[in-house]
Amino acid sequence: MYFLLAQPMKHMKGDDIHVFLRLVKKAIKEWPVPFVSYLAEQGSDPFKILIACILSLRTRDQTTADASKRLFAISSDPYSMSEMDLKKIEKAIFPVGFFRIKSKQIRAMSQKICKDFNGKTPDFIEGLLSLPGVGRKTANLVVTLAYEKPGICVDTHVHRICNRWGYVFTKVADLTEQALREKLPRRWWIPLNGLLVPFGQNVCTPLSPWCGACGLSELCPKIGVLSRR
Ligand code: SF4
């Protein structure tokens, strides 16, 4: 067991972010790309990326991938999805987390995309936020991955790691996004989520991060880390 206050506190300087993120980029090469990023790399339709993002919330990556493939096999555009029977959507996406709620959201957002956006998935944050079930995290992910437009997708991993590094000092993800928009160099906005999600799942884990095996350990101030491996 290690105690934070027993260690000399290091502080991250602004330019250090380049070094930290380059090291993360190197570290994550051995892990599979998250399914939503994989879809984007394949040049998938933004609607599919949006739906996969919704399915991925509180769901393991392999489950998201399997459910997305089953759903896209029966419907992959907002017009046909708008008319799908809810039970069919539920059956296709089970066992993703909150599958009943997500089924309703998927159909409702498809209907809104058809009605208000002529069947085109919005490419801007406010448009995406107007869709049922879409929060800032999903909106930013769609804007960045599907359209390669500026945005910063802050999920629990991005929020936790940026605070452990002392790059931001924030209590909630929305404030982390605001802080990052002010200081993170633009070149890292789009890749940030794809770098920190696998890193957060495999190394800088929520409880007892693997600092002993982490290539950033010498540099990292480990703020708020009370126990580590
Ligand atoms: S040293 Fe520890 S706290 Fe810092 S990034 Fe690595 S795993 Fe996370």
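The values are calculated or read from the model by the stated rules, or taken from the named source; none is laboratory data. This is a predicted model, so every value here is computed, not measured. Glycine also receives a Cβ, built like all others from the backbone with ideal geometry; neighbour counts cover every protein chain displayed. Only protein heavy atoms, including side chains, enter the accessible area calculation; ligands, DNA and RNA are left aside. Shrake-Rupley method; radii C 1.70, N 1.55, O 1.52, S 1.80 Å.
Percent of accessible area on the chain owned by carbon and sulfur, 1.4 Å probe?
Details: 6750 of 12040 Å².
Exposed carbon and sulfur together represent 56 percent of the surface.
What full-extension length gain, to one decimal in nm, is calculated for Val172 and Lys26 as 0.36 nm per residue of separation minus the Cα-Cα distance? It would help to have the intermediate numbers written out before the result.
Values: separation 146, 0.36 × 146 = 52.56 nm, distance 2.78 nm.
Full extension from Val172 to Lys26 adds 49.8 nm.
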What is the pair-distance distribution P(r) of the chain, computed from all Cα-Cα distances in 10 Å bins starting at 0, with each bin given as a whole percent? 8, 32, 32, 19, 8, 1, 0
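Just the accessible area per residue of the chain, please: how many Å² with a 1.4 Å probe? Let's see the in-between values first.
Working: 12040 Å² over 229 residues.
Value returned for the chain: 53 Å² of accessible area per residue.
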Pick from Asp174, Asp66, Asp85: which residue has the top mean-square fluctuation in a GNM of the chain where Cα pairs under 10 Å get a spring? Asp85
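For a protection proxy built on the mean count of beta-carbon atoms within 10 angstrom, sort 112-122, 46-56 highest first, please.
Highest-to-lowest ranking by the protection proxy: 46-56, 112-122.
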Give me the distance in nm between label points sitting 7 Å out from Cα along the Cα-to-Cβ direction at Ser227 and Asp85, one decimal. 5.0 nm
Using only the alpha carbons, work out the radius of gyration and Dmax of segment 31-81 in angstrom. 10.4, 36
With 5 Å bins from 0: P(r) over segment 35-147, alpha-carbon pairs, percent: 2, 14, 25, 28, 21, 8, 0
Could you give the length gained by full extension between Asn202 and Gln42, i.e. 0.36 nm per residue of separation minus their alpha carbon distance, to one decimal place? 55.2 nm
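If you take the C-alpha gyration tensor of segment 159-220, multiply each eigenvalue by 5 and take the square root, what semi-axes do you get, largest first, in whole Å? Write out the running numbers ahead of the final one.
Working: eigenvalues 81, 33, 25 Å².
Working through the eigenvalues yields semi-axes of 20, 13, 11 Å.
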With Cα atoms, 0 to 90° folded angle of helix 61-74 axis to the chain main axis: 20 degrees
Tell me the net charge near Pro78. Cut-off is 13 Å between Cβ atoms, Pro78 excluded, with +1 for each Lys or Arg and -1 for each Asp or Glu. +1
If the label point is 7 Å along Cα→Cβ of Asp116, which residues in segment 65-79 have backbone nitrogen under 12 Å from it? none
